[in-house]
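Below is one structure, written out as structure tokens; comments come after it.
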Amino acid sequence: MRNLAILVSGSGTNCENIIRYFKDSTQVHVALVLSNKPDAPALEKAMRLGIKTVVMNKLDFNTPSKLLPLMASNKIDFIVLAGFLLMIPSFLLKAYDHRMLNLHPALLPKFGGKGMYGHHVHEAVKAAGETETGMTVHWVSEECDGGEIIAQYRTALSPDDSPTDIAAKEHLLEISYFPKVIEEVIGKLPE
């Protein structure tokens with residue numbers, strides 16, 4: 001059994017979906033949901049589903065003596081970023097090398113990097129006149145949205161789609177595929 005930590009900053013629709021997906025899994029146990037925002041709706045969703053939650057401010061998150069013991073005490077084997085808006089400190093990247101995934105709501109390398117999150121991404125996709133969008137799952141690296149791509153899923157766009165329509169189409173991909181990619185990647189980890 002692999003213990004999973006989900007890092008979130010927002011509403012938590014992907015967090016909730018991941019928790020529900022692995023509810024009866026014999027491979028993956030969601031052991032912890034960590035947020036940098038005490039008012040993140042994701043925390044309430046996780047608590048309602050019986051998952052331990054922790055709030056950690058930016059300073060503590062960037063302090064090895066605070067973050068690493070939290071991961072160790074919860075026996076975390078793997079980390080998933082699901083709408084987490086802080087950069088990951090290098091000490092955590094080193095501790096979880098090729099054991100930390102991020103979801104990005106566009107087809108990287110397009111529409112990635114600093115400031116490209118949430119609705120900003122979908123507005124940029126619309127402004128660029130793209131005929132498709134999608135989601136990317138990638139390894140977390142020192143570069144924002146720059147880690148090696150693991151999987152991408154696409155959906156067609158119409159010229160009439162608003163940024164809200166684009167977000168809705170892309171979110172359907174996240175709900176359908178993100179937990180499956182996590183499961184597949186964790187299933188390939190060495191013992």
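The values are calculated or read from the model by the stated rules, or taken from the named source; none is laboratory data. In this text, all values refer to a predicted model and were calculated from it rather than measured experimentally. Note that each Cβ is placed from the backbone with ideal geometry, even for glycine, and that neighbours are counted across all protein chains shown. Please note that ligands, DNA and RNA were not included when accessible areas were found on the heavy atoms of the full protein model with its side chains. Shrake-Rupley method; radii C 1.70, N 1.55, O 1.52, S 1.80 Å.
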Neighbours by Cβ (under 8 Å, 6+ apart or cross-chain): first from the range 85-114, farther than 10 Å from Asp145 by Cβ; second open to solvent by 20 Å² or more (accessible area, probe 1.4 Å) and part of a strand (DSSP E or B): His98/Trp139; Met100/Trp139; Leu101/Trp139; Leu101/Ile150; Leu107/Glu132; Leu107/Gln152; Leu107/Arg154
Close pairs (7 angstrom Cβ cut-off, 6 or more residues apart or separate chains): farther than 16 Å from Gly83 by Cβ in the range 166-177, in a helix (DSSP H, G or I) and open to solvent by 60 Å² or more (accessible area, probe 1.4 Å) anywhere: Ile166/Lys126
Where Gly12 falls short, out of the listed (1) crowded, with 20+ Cβ neighbours inside 10 Å; (2) closer than 18 Å to Tyr177 by Cα; (3) modelled with pLDDT of 95 or more: (3)
Filter pass, Gly134 being touching a Ser or Thr at 6+ places or on another chain (Cβ under 7 Å) and either of a type outside the set (A, V, I, L, M, F, W, C) or assigned to a strand (DSSP E or B) (or both): yes
Residues that are touching a helix residue (DSSP H, G or I) at 6+ places or on another chain (Cβ under 9 Å), assigned to a loop (DSSP other than H, G, I, E, B) and charged (D, E, K, R), drawn from the range 1-50: Lys37
Failed item in (1) open to solvent by 60 Å² or more (accessible area, probe 1.4 Å); (2) closer than 22 Å to Arg20 by Cβ; (3) touching a His at 6+ places or on another chain (Cβ under 6 Å), with Leu172 passing the rest: (3)
Close pairs from the range 37-49: first over 11 Å from Val8 (Cα atoms) and acidic (Asp, Glu), partner surrounded by fewer than 21 Cβ atoms within 10 Å (Cβ to Cβ) and modelled with pLDDT of 95 or more, Cβ under 9 Å, at least 6 apart: Glu44/Thr53
Among the residues listed as Leu68, Leu86, the single one being of a type in the set (A, V, I, L, M) and not in a loop (DSSP other than H, G, I, E, B): Leu68
Residue within the range 34-46 that is among the polar types (S, T, N, Q), open to solvent by less than 70 Å² (accessible area, probe 1.4 Å) and within 18 Å of Val140 (Cβ to Cβ) present: yes
Tabulated pairs, the range 124-147, first closer than 15 Å to Ser90 by Cα and free of Cβ contacts under 8 Å to residues at least 60 places away in the same chain, second open to solvent by 20 Å² or more (accessible area, probe 1.4 Å) and of a type in the set (Gly, Ala, Ser), C-beta under 7 angstrom, 6+ apart or interchain: Glu142/Ser90; Asp145/Gly112; Gly147/Ser141
